Every structure is written in structure tokens, then in C-alpha cells.
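Okay, so here's the structure we're looking at.
The values are calculated or read from the model by the stated rules, or taken from the named source; none is laboratory data. Because the structure is a prediction, the values reported are computed rather than measured. Note that each Cβ is placed from the backbone with ideal geometry, even for glycine, and that neighbours are counted across all protein chains shown. Surface areas here come from the heavy atoms of the whole protein model, side chains and all, with no ligands, DNA or RNA. Shrake-Rupley method; radii C 1.70, N 1.55, O 1.52, S 1.80 Å.
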Amino acid sequence: MGPSLVNEDPPLHTSRRQLIREAMVSPQRIEAVTPRIRALAGEYIDRFVSRGHADLVADFAWEIPALVAFAVMGVPDEDVEQAKTFSGRLALFTWGYPSEEEQRTLAAGMGQYWTYAKQHVKRRLEQQTGDYISELINAWRRPGNEELFDENYLVSTMMNFLFAGHETTTNATANGLRALLEQRDQWEALCQDASLIPGAVEEVLRYSSSVVAWRRVATRDTTIGGVPIPAEAKVLAITGSANHDEQVFPEPERLDVTRKNANKHLAFGIGRHLCLGAPLARVEMRIFLEELARRLPHMRLVSGQTFDYSANTSFRGPDHLHVEWDPRQNPVETDR
Ligand code: HEM
């Protein structure tokens, strides 16, 4: 893999980011993928709605963000089953402590995905079909942009898209659902009034973010909060802590889906590297909450379960989230 946007510096980062943003998360792209996200959420809920119990990670939040990423990149439907097998716990590979066995499985998956991404880029170089990779190729071919990328960078971009957009969104969804179901009055509030859901998305990102720390290297001597930081120092900024800063968020330990400034959180980072996928992640999380609140407002956490989180510096989300409900009480008649 070559370099990736998140580790690059201006001026190259600025020019590349501009083209990647236009191709990846333009308002038209988000609008086009929104019905697909809703359809996927609906299909997955169909599979378990009359069962009375589910693991909202394995049965819901794990696969959908990967499928959305594949749709945005233009992976053809017939390849999706194969592509799904490539996407393991990638965050564990780079940020955690995978066992030898896990390293083997993850490395094999990444190698297969790299090979697949190479083929996909080749196909799109020959024929563009309006997806993200096609649009990036079009942008690259515009006069003046030829120096910005090469073929290998496009393949890396496909790898990074899955790195950046899959587990982050899965974990954010699972953290959010756990927080809402544990503070049931907040869940019930948005079940009764769906207009609270966009604010709830911001609040759960603040309250229990899926990315809790991010790294920087100091480009010059500086002082932050009275702490001197020398040039070249490696800094791990605990953004999850900033999201609970009582000077910014009154009563930070309280989950409040009506909180006015919830969107001041740092879940998506800050500054020139601010998450490019934020508009997509926000739409996904909003739709997931809308569909679950509409069809399973009475679901509750299975009591007594323990929540496991993989050990790593930055990415946070439960491995499982078990919920249960009485299917006879399902509000949508065809779901009973
Ligand atoms: C809730 C889900 C997500 C969270 C919490 C999240 C979080 C982050 C964070 C913390 C950064 C680093 C920001 C910084 O350095 O200041 C980042 C960068 C990035 N994210 Fe996300 N992300 C999410 C979803 C996505 C999705 C769905 C995509 C793809 C569509 C994506 C693509 C990117 C890219 C390309 C960057 C690099 C931007 C740059 O360096 O210029 N992210 N994200």
C-alpha cells in the first residue's frame, strides 16, 4: 500500500483531498446512495424482526457499512459476497494486538482485497460508470491533475475507504444503540419523535465515539493547555475525553439527545484532516436509528450481558450487542 490521505501533508494532501472529496461524498453521491442504505437496513431487520432477539453487531451493524462502501465504490452486486469476506477487523491489524492466528487471517484478507481492488481499478480505467472510483479517475484525467495520483494510489484509495468507513461506522452505531438503550428515556424520546434522530446521532458520537484517540506529529515547538510540546513529538490526542469536556458540554456524562451543541464533538477529528466520510456516516447512522426506532421501539438490551472491546488505542465498539423483544408487540403488522 502507498501513502494514504490521513498521513499526508499539504500541499499534496490539500489537492488530493479536494478531488477525493468531490468524487466520494458530493451531495449527489450521498443522495444517490441514501435509498440503498435504507433498503439494506430494511433487509437486515427483515431477517430477525420476528425472531425476538438479535445481536445488533453481527446481525445488523457489521455488514451494512461495508456494503455501503462497496456500493459507493461501484463493486458490482455479483462480487459483493466475495468482497465481504475480505473485510475483517482491520482496525485490530494496524492499531491493536492481533494474535498470530488473527494476523494470518487479516493479512490474507487484505492481500485478497488488494488483488480485487487492483482488478476493479483496471476495469474502471477502461470504463467509468459514475461510481466513486470512476469519478476519481475522471478527476485525475482532467488537465493539471495528472501528477496527483497514479494507478497504485487509486488502489490504495480503495483499501483506505474500507479501512476508514467500515468499522468506524459499525462501532459508532453499536456504541450509540448501547448508550440509547441503557438510557431508555432517550431511546423512547426518539422513538416517539423521529425529528430528534439527527441530533441523537451527534449526541451518541459525542457521548460514546467510535474513534477515541488520534495521532499527530508536532511540526514545530508549541504549548497546548500549558504543556510544552517539542517539534517532532508524537502526540496521541484523546478526542474521546475532549468530547466529555465539561467546559464545552455541561453535564457531559448525561446522554441528552436534545443537547444543543452536541455537534461540537471531535468524533470526526478536527482541522484539515477532518473526516471526509462524515456526511456518509451521519446518513447511515440516521437511517439505522430511524428504521430500528420505527420497527423495534420496544427492543431492550439482554440483561446480564458483558460487553467486550478489542484492545487498541483508538477504535472502540462492542463485539456484540444482544437485544430482545416480544415479536407479538411489533408495531408494524407485517413484522409480527
Ligand atoms: C462514525 C464513523 C466515522 C468516524 C468516527 C470517523 C472518524 C475519523 C477520524 C477521527 C479521522 C481523522 C481526522 C483527523 O485526523 O483530524 C477520519 C479521517 C478520515 N475518514 Fe473517517 N470516520 C468515520 C466514517 C468514515 C467513512 C464512512 C468514511 C468513508 C466514506 C471515512 C473516510 C475518512 C477519510 C478519507 C479520512 C481522511 C481525511 C484526511 O486525512 O484528509 N470515514 N475519520
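Restricted to the stretch 280-308, and to residues there that are acidic (Asp, Glu) and in a helix (DSSP H, G or I), the residue that is most open to solvent (accessible area, probe 1.4 Å) is 290. Here 188, 203 are screened, and the one residue that is open to solvent by 10 Å² or more (accessible area, probe 1.4 Å) and either on the phi < 0 side of the Ramachandran plot or in a loop (DSSP other than H, G, I, E, B) (or both) is 188. Pairing each residue of the stretch 33-50 that is touching a residue at least 60 places away in the same chain (Cβ under 8 Å) with any residue that is of a type in the set (A, V, I, L, M) and surrounded by fewer than 17 Cβ atoms within 10 Å (Cβ to Cβ), provided the two are 6+ apart or on different chains, yields C-beta distances under 9 Å for 49/332. Just the residues that are touching a helix residue (DSSP H, G or I) at 6+ places or on another chain (Cβ under 6 Å) and within 6 Å of the ligand (Cβ to nearest atom), please, taken from the stretch 262-272. Residues satisfying the conditions are 267, 268. Scanning the stretch 242-278 for residues that are open to solvent by 70 Å² or more (accessible area, probe 1.4 Å) and within 15 Å of residue 207 (Cβ to Cβ) turns up 246, 250, 251, 253, 254, 258, 260, 263, 264. Residue 194 falls short on exactly one of the conditions (1) within 16 Å of the ligand (Cβ to nearest atom); (2) farther than 22 Å from residue 116 by Cβ; (3) of a type in the set (Gly, Ala, Ser), and that condition is (1). Scanning the stretch 2-12 for residues that are within 21 Å of the chain's Cα centre (by Cα), touching a residue at least 60 places away in the same chain (Cβ under 8 Å) and either more than 10 Å from the ligand (Cβ to nearest atom) or assigned to a helix (DSSP H, G or I) (or both) turns up 3, 5, 6.
Looking only at the stretch 106-127, decide whether some residue is within 13 Å of the ligand (Cβ to nearest atom) and under 24 Å from residue 215 (Cα atoms). I'd like the intermediate steps shown before the answer.
Let us first name the residues in the stretch 106-127 that are within 13 Å of the ligand (Cβ to nearest atom), namely none.
Taking every residue of the stretch 106-127 in turn, none turns out to be within 13 Å of the ligand (Cβ to nearest atom) and under 24 Å from residue 215 (Cα atoms).
Scan the stretch 89-101 and give yes if some residue there is more than 19 Å from residue 37 (Cβ to Cβ) and among the basic types (Lys, Arg), otherwise no. Yes, some residue in the stretch 89-101 is more than 19 Å from residue 37 (Cβ to Cβ) and among the basic types (Lys, Arg). Among the candidates 203, 253, 246, the residue that is within 17 Å of the chain's Cα centre (by Cα) and more than 12 Å from the ligand (Cβ to nearest atom) is uniquely 203.
If you check residue 172 against the conditions, is it closer than 22 Å to residue 276 by Cβ and either within 14 Å of the ligand (Cβ to nearest atom) or basic (Lys, Arg) (or both)? For residue 172, the condition - closer than 22 Å to residue 276 by Cβ and either within 14 Å of the ligand (Cβ to nearest atom) or basic (Lys, Arg) (or both) - is met. Say whether the condition of being within 12 Å of the ligand (Cβ to nearest atom) and farther than 19 Å from residue 276 by Cβ is met by at least one residue in the stretch 27-49. Within the stretch 27-49, none of the residues are within 12 Å of the ligand (Cβ to nearest atom) and farther than 19 Å from residue 276 by Cβ. On the stretch given as the stretch 217-240, residues that are within 16 Å of the ligand (Cβ to nearest atom), open to solvent by less than 80 Å² (accessible area, probe 1.4 Å) and assigned to a loop (DSSP other than H, G, I, E, B) total 1. One residue stands out among those in the stretch 13-26 that are of a type in the set (S, T, N, Q) and away from the ligand (no atom under 11 Å from the Cβ): the one that is surrounded by the most Cβ atoms within 10 Å (Cβ to Cβ), which is 15.
Counting only helices (runs of 4 or more DSSP H) that sit completely within the stretch 71-159, those holding 1 or more residues that are open to solvent by less than 80 Å² (accessible area, probe 1.4 Å), at pLDDT 95 or above and out of contact with any strand residue (DSSP E or B) (no Cβ under 6 Å at 6 or more places or on another chain) correspond to 100-126, 132-141.
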